[in-house]
Structures are given as structure tokens and as C-alpha cells.
Amino acid sequence: MNILTPREKEITVLVATGASNKQIARQLFISENTVKTILAKVFEKTSSQSRTELAVRWLSSQNLVTRPLAVA
């Protein structure tokens with residue numbers, strides 16, 4: 001997650017807490033379109049396909065959650 005800019009990290013943390021784009025926009029005093037644009041870049045940089053996957057990747061990178069081993 002060191003590849004993210006400070007703003008991208010800020011938005012990622014808010015996504016990990018369950019905030020919606022509208023909530024993020026209001027909290028950071030930016031437009032919802034800006035949030036969407038930044039999230040698209042974050043998804044690309046982190047190879048995440050969803051907000052949930054992004055949140056898990058962020059929490060894992062902060063050692064706040066561990067991923068279970070895959071069961072064969």
C-alpha cells in the first residue's frame with residue numbers, strides 16, 4: 001500500500017470503515033466524482049475488484065486482519 005498517495009490512502013481508510021462515496025466526499029470536501037476517480041486509481045494500483053477486497057487488502061497491510069489459508 002506504499003504505492004498510494006496520501007489522498008488515496010485517506011480515501012482507502014474511509015472505504016475500509018464502510019463509508020460511502022457520498023460520505024467520503026462530504027468529509028473530505030470534494031465531489032463524489034473526485035472520490036470515484038481516485039477510487040478507480042486505487043483499485044488499479046492495488047489490483048482490487050471491489051470495495052470489500054480493497055478494505056481487506058488495506059487492513060491486511062496494516063496487520064489489522066489476517067487472511068485465512070485457502071482450503072483445497
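Since every read-out is calculated from the coordinates, none of them should be taken as a lab result. Everything quoted here is computed from the prediction, not taken from an experiment. Here Cβ is always computed from backbone atoms with ideal geometry, including for glycine, and neighbour counts include all displayed protein chains.
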**Within a Gaussian network of the chain (alpha carbon springs, distance under 10 Å), most fluctuating of 40, 55, 16** = 40
**Request:** Report the charge-dipole magnitude of the chain in Debye, nearest 20, computed about the Cα centre from +1 at each Lys and Arg Cβ and -1 at each Asp and Glu Cβ.
**Result:** 60
**Request:** Using a Gaussian network model of the chain whose springs link C-alpha atoms within less than 10 Å, name the residue from 32, 53, 44 with the highest mean-square fluctuation.
**Result:** 44
**Prompt:** If we count other beta carbons within 10 Å of each Cβ, what is the order of 29, 43, fewest first?
**Reply:** 29, 43
**Message:** Taking the square root of 5 times each eigenvalue of the Cα gyration tensor, what semi-axes in Å does the equivalent ellipsoid of the chain have, largest first?
**Reply:** 23, 12, 11
**Prompt:** To the nearest 10 degrees, how steeply does helix 6-16 sit against the main Cα axis of the chain, on a 0 to 90 scale?
**Reply:** 70
**Request:** With label points built 7 Å along Cα→Cβ from the Cα atoms of residue 2 and residue 53, find their separation and express it in nm.
**Result:** 2.4
